[in-house]
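Written below as structure tokens is the structure these notes are about.
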């Protein structure tokens with residue numbers, strides 16, 4: 001299993017050998033360093049823990065410093081399923097991926113704050129007619145006479161916080177790899193703003 005961490009940069013266009021254009025998201029990925037290898041005997045499951053990014057030593061607690069040892073001051077630590085025979089200190093970069101690989105990408109989407117039902121759920125709003133003045137973006141009735149007995153039914157679509165969700169997109173194709181600059185180009189759009197942490201699994 002292939003895996004790597006990176007940060008989202010921007011979107012661009014990639015032309016293939018046949019001259020077809022593909023929209024692609026540029027991700028600055030790796031190198032990630034293996035900080036721990038978990039085994040069934042010791043931890044109860046098999047996984048590889050990797051660190052990515054840098055931050056100041058003063059912002060890392062003593063327990064984490066002892067765990068990282070001299071491997072680096074990592075800003076992000078994630079676990080992936082065991083991917084072959086790996087040892088603590090091994091590095092993984094974008095050269096592990098090749099053009100044509102199908103990957104699964106996870107990232108946190110943009111936060112949009114508190115939003116109404118028109119933006120959040122696509123409601124049409126109310127009419128500006130028949131004696132109604134300010135009902136263009138109102139939710140309307142929330143079914144007070146249902147079997148809930150006057151309570152709000154569970155799952156009722158209403159206004160609330162929107163965005164900042166972990167989004168996983170499967171079956172995205174790697175359209176280009178730039179090992180010199182540490183860039184990987186993934187076909188299509190990826191959730192999140194510029195600078196969002198991206199998990200890539202192949």
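The values are calculated or read from the model by the stated rules, or taken from the named source; none is laboratory data. Fair warning: this is a prediction, and the values are worked out from it, not measured in the lab. Positions of Cβ are backbone-derived with ideal geometry, glycine not excepted, and every protein chain shown enters the neighbour counts.
A few notes on this one:
- Selected residue (only one of 41, 54, 46 is surrounded by fewer than 18 Cβ atoms within 10 Å (Cβ to Cβ) and in contact with a helix residue (DSSP H, G or I) (Cβ under 8 Å, 6 or more places away or on another chain)): 46
- Of the strands (runs of 3 or more DSSP E) entirely within region 6-83, those holding at least 2 residues that are at pLDDT 95 or above and under 21 Å from residue 108 (Cβ atoms) occupy 21-29.
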